[in-house]
Structure formats: structure tokens, C-alpha cells
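Below is one structure, written out as C-alpha cells; comments come after it.
The values are calculated or read from the model by the stated rules, or taken from the named source; none is laboratory data. If you're wondering where the values come from, they're calculated on a predicted model, not measured in any experiment. All Cβ positions, even for glycine, are placed from backbone atoms using ideal geometry, and neighbour counts span all protein chains on display. Accessible surface areas use protein heavy atoms only, side chains included; no ligands, DNA or RNA. Shrake-Rupley method; radii C 1.70, N 1.55, O 1.52, S 1.80 Å.
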Amino acid sequence: FMPKYADEDDATLDAGIALFTVGSLIFTFAPIWNISRTLQLRKLKKIHPTSFYTELCIGFAYIIGSALFVVGSILFLPTYYAQSADEAVGCFIAGSAFFLLATIITSIVSLVRKIRRFVMSAGSKDDINRSGIYDVNDQNSGKAGLKEAIVPMGAPRSS
């Protein structure tokens, strides 16, 4: 997409745009797969409604972002490319915003799950020492507060 190379070699520009378009199309397959898997889990009643809607939002955000990248790539083709590439650049910016939205939702959901695990595991009386502080290094306890939220139960623990 760099104009200095486009002026010298049209084949390089066309190949770059074609590869970027194919790559953007490939990015749509993973969220489509995740959405179909989520729909199957809902049909089997093995997914919580909150997780169901969260997965759908994340999947559609990735699909829309990928679609905008495909459209932006096509608008960069020499057939459509004019002096101004505002439409193509706008598609890339909007697509990036959808990718960012999906990532933010994923991060928030992950953080909430870790906090919930920490709160649930911190309530165990076995983890409280005499001073009332949770002992995150207690190997004898089945739950270990914050450490358990980060390292799953049953996973090897290093000192």
C-alpha cells in the first residue's frame, strides 16, 4: 500500500492488496466458528445466557471489523483507488475500532471472571491466618485466594 512502491511496480501493489484481502477474509472464519459453537451450546443448554450474548457480541464485532478490512482492501485496488483514499482509510479505522471493541469486551469479561473466582475462593475460612489475612501460599488449602484466581486449582505451583 505504499505509494512509492506502487509508482514503481504495479504488480507488487496488486499482490500486496490481494494478500491483505485474503488475510482479512480468513480472519472472518474464527468468529463465525465461535458463533456457530456458541449457538450449539445454547441449543444444548450448556452455556449461561450472559456468556451466550457476550460471545455473540464479540464474534459479530470481529466479523464486522474483518468485513470492513476486506472492503478497505478492495477500495485500495487500482481500479477504485483515486487521488483520495478516504473511503478505504475510513474502512480500516472503523474496522480497527470494532477489533478494539471486541478486545475490550473480552478483557472485561476475563477480569470479571478472575475477580469472581478470587472473591469466591477468598471466602474459605481455611485460608485465613490469625491476623485475618488470606494466605495465598497455603499449599494445604484447596483454595488459595488471588493465586487461585490466576493459577487454576490442580495446576503445579512453584514457590
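Per-residue SASA remark: LEU39, around 90 Å² accessible (1.4 Å probe; ligands, DNA and RNA not included).
Spin-label model, ALA94/PHE60: points 7 Å from Cα along the beta carbon direction are separated by 1.6 nm. Please give me the summed charge of the neighbours of LEU75: other residues whose Cβ is under 10 Å from its Cβ, Lys and Arg +1, Asp and Glu -1. My count for the surroundings of LEU75 gives -2. Taking label positions 7 Å along the Cα-Cβ direction at both SER110 and HIS48, the computed distance is 1.8 nm, reported to one decimal.
Report the full-extension gain for the segment THR103 to LEU19: residue separation times 0.36 nm, less the Cα-Cα distance, to one decimal in nm. Kindly include the intermediate steps, with their values, before the conclusion.
On the way: separation 84, 0.36 × 84 = 30.24 nm, distance 2.43 nm.
Working it through step by step, the gained length comes to 27.8 nm.
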